[in-house]
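Presented below is the structure to which this report refers.
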Amino acid sequence: MSDSSITRVAARRIWDSRGNPTIEVEVSLSSGVTGRAIAPAGASRGSREAIDLRDGGSVLGGNDVQRAVANVNKSIAAALTGMNAVEQGEVDAALIALDGTPLKSTLGANATVAASMAVLHAAAADKQCPLWQHIADISGQTPSVPLPEIQIFGGGAHAGRRVDVQDFMIMVPGAESFDEALEVTSEIYRAAGAIMGAKGRLAGVADEGGWWPQFDSNEEALETLMQAIEAAGETPGDRVVISLDIAASEFSVNGRYKLALEDRELDTEQMIMLLGQWIDNYPIVSIEDPLAEDDRDGMIAFTQEYGERIQIIGDDYLVTNERLVHQAADDRACNAVLIKVNQSGTVSESMACLSAASEHRYRGVVSARSGETEDVTICHLAVGLDAGQLKVGSFTRSERMAKWNECLRIADQPGAGSFVQGAPLDGTWWARR
Ligand code: PGA
Ligand code: ZN
């Protein structure tokens with residue numbers, strides 16, 4: 001038995017940023033170190049993502065995680081005990097084999113992801129190195145500090161569908177450092193709040209902490225975002241640019257897109273035209289899930305039309321699935337993939353998905369979920385895997401700020417690499433302008 005052998009794996013139920021139950025796993029090694037990680041939870045989930053196992057029934061709205069906790073404490077603990085924590089690939093292969101289903105429906109991806117990430121933490125503790133360093137070691141990547149993508153207004157499934165678009169975000173590719181990107185974001189976030197307050201439109205915040213979208217149209221949100229960027233002393237399209245997550249699967253019904261707020265129904269072609277107008281009228285560099293997860297022809301057509309101008313991210317469309325990334329590359333659909341570890345269920349499968357993306361020159365954006373906690377593993381993944389971009393929600397609420405703050409700490413550590421600045425957006429009009 002080596003010092004990094006797993007001696008104990010234990011789960012407990014804890015609570016996420018929506019006050020819903022989630023699962024935390026602790027892994028101990030024979031050297032005496034421990035690692036701990038927490039599963040996040042989505043609200044606008046892709047239908048092809050790994051299963052978040054919930055108990056159903058009437059307790060806690062059916063969201064309790066006692067079965068997932070039991071799966072960790074019994075079968076996962078039995079399977080992982082004695083394994084070498086430093087061998088993340090072998091640990092994840094054991095989890096995949098134990099589950100035996102394509103979507104982790106036996107154990108629950110919430111159980112496997114918390115276990116997989118806890119092992120990663122334990123191995124780093126055993127090596128007495130920062131987590132990002134251990135991740136860089138096992139992935140063979142050169143660490144870098146990612147460009148943040150930060151939500152100013154929430155919407156869609158995170159705001160009672162008050163507006164159709166789910167995330168109105170900014171990026172600061174012209175910043176010289178991660179810290180500078182956050183400083184600019186803070187000014188813009190506060191300016192947006194002041195503008196909404198002055199219009200009598202301030203109504204709290206959405207699930208990820210972005211301002212509640214008290215708007216009459218999606219365009220009004222975009223206009224207000226432009227005003228906020230200007231009020232913060234910036235020129236939109238210069239140092240600061242706009243990024244959207246349409247999360248279009250959420251409002252697609254039978255192949256049509258129902259814009260609830262505007263009482264309009266669009267077909268795929270009209271939806272692409274609408275997004276095209278936004279791309280023409282606003283400094284938008286990135287759009288996530290512009291079309292629904294099952295609208296393959298639409299995603300191909302949209303990529304053909306705009307793939308040279310903007311970053312097109314597949315979230316629900318690719319669900320951190322290596323096979324779907326290869327398929328999309330064959331189709332020439334999307335040019336970037338969102339990496340959410342719990343969509344795949346293990347660290348290794350998420351790493352494989354990101355490798356597949358790089359193989360096809362697709363960009364990678366490591367992402368949080370709308371249901372989050374103090375867990376900051378994704379910051380280390382973004383750095384250690386040299387993903388280039390990180391999306392964790394807004395610029396408020398501690399489950400979000402914990403991650404931005406962790407990136408600041410990492411950026412100060414020797415070897416964490418340099419801030420990528422505009423590099424992830426090479427090829428978009430922002431970089432060519
Ligand atoms: P989630 O959505 O609610 O599924 O976490 C976040 C996203 O769409 O990026
Ligand atoms: Zn998304």
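The values are calculated or read from the model by the stated rules, or taken from the named source; none is laboratory data. It should be emphasised that the depicted structure is a prediction, and the values quoted were computed from it without experimental measurement. Here the Cβ positions follow ideal geometry from the backbone for every residue, glycine too, while neighbour counts run over all protein chains shown. Note: areas computed on protein heavy atoms with side chains; ligands, DNA, RNA excluded. Shrake-Rupley method; radii C 1.70, N 1.55, O 1.52, S 1.80 Å.
Annotations for the structure displayed:
- In region 274-300, the residues that are assigned to a helix (DSSP H, G or I) reach residues that are away from ligand 2 (no atom under 16 Å from the Cβ) with C-beta atoms within less than 6 angstrom, at least six apart or across chains, in these pairs: G298/T268; I300/D331.
- G100 over 18 Å from A11 (Cβ atoms), open to solvent by 40 Å² or more (accessible area, probe 1.4 Å) and free of Cβ contacts under 8 Å to residues at least 12 places away in the same chain: yes
- Which numbered condition G57 fails, given (1) free of Cβ contacts under 8 Å to residues at least 24 places away in the same chain; (2) in a helix (DSSP H, G or I): (2)
- Flag for F153 being more than 16 Å from ligand 2 (Cβ to nearest atom), among the aromatic types (F, W, Y) and either touching a residue at least 40 places away in the same chain (Cβ under 8 Å) or outside the structural domain of M271 (by TED's automatic domain parsing) (or both): no
- In region 181-207, the residue that is nearest to F153 (Cα to Cα) out of those that are open to solvent by 50 Å² or more (accessible area, probe 1.4 Å) and of a type in the set (D, E) is E187.
- Residue that is nearest to F395 (Cα to Cα) [pool: residues in region 352-367 that are in contact with a helix residue (DSSP H, G or I) (Cβ under 6 Å, 6 or more places away or on another chain) and open to solvent by 10 Å² or more (accessible area, probe 1.4 Å)]: R363
- Residue tally, condition part of a loop (DSSP other than H, G, I, E, B) and without any contact (Cβ under 8 Å) to a residue 40 or more places away in the chain, over region 379-429: 3
- Within region 195-206, the presence of at least one residue that is within 16 Å of ligand 1 (Cβ to nearest atom) and closer than 23 Å to A292 by Cα is confirmed.
- Residue pairs whose Cβ atoms lie under 7 Å apart, sitting 6 or more positions apart in sequence or on different chains, and linking a residue in region 27-49 that is closer than 22 Å to I14 by Cα to a partner that is among the hydroxyl-bearing types (S, T, Y) and open to solvent by 50 Å² or more (accessible area, probe 1.4 Å), are V27/T34; S28/T7; S28/T34.
- Contact map, region 1-23: first residue assigned to a strand (DSSP E or B), second residue surrounded by 17 or more Cβ atoms within 10 Å (Cβ to Cβ) and of a type in the set (D, E), Cβ cut-off under 6 Å, separation 6 or more or different chains; pairs are A10/E26; R12/E24; I14/E24; P21/D64; T22/D16.
- Of I310, I242, I246, all but one fail to be more than 27 Å from A352 (Cα to Cα), modelled with pLDDT of 95 or more and within 20 Å of the chain's Cα centre (by Cα); the exception is I242.
- Checking M83 against (1) open to solvent by 20 Å² or more (accessible area, probe 1.4 Å); (2) farther than 30 Å from Q141 by Cα, the condition it does not meet: (2)
- One residue stands out among those in region 329-343 that are more than 12 Å from the chain's Cα centre (by Cα) and within 16 Å of ligand 1 (Cβ to nearest atom): the one that is surrounded by the most Cβ atoms within 10 Å (Cβ to Cβ), which is C334.
- Residue identified as hydrophobic (A, V, I, L, M, F, W, C), within 24 Å of M171 (Cα to Cα) and open to solvent by 10 Å² or more (accessible area, probe 1.4 Å) among I272, I287, I310: I272
- Every residue from region 313-333 that is closer than 22 Å to A43 by Cβ and of a type outside the set (D, E): I313, G314, Y317, L318, V319, T320, N321, L324
- Residue match in region 395-403 (condition: surrounded by 24 or more Cβ atoms within 10 Å (Cβ to Cβ) and within 16 Å of ligand 2 (Cβ to nearest atom)): no
- Of all the residues in region 368-378, those that are within 16 Å of ligand 2 (Cβ to nearest atom) and outside any strand (DSSP E or B) number 5.
- Considering residues of region 2-57 that are at positive phi and away from ligand 1 (no atom under 16 Å from the Cβ) only, the residue least open to solvent (accessible area, probe 1.4 Å): G56
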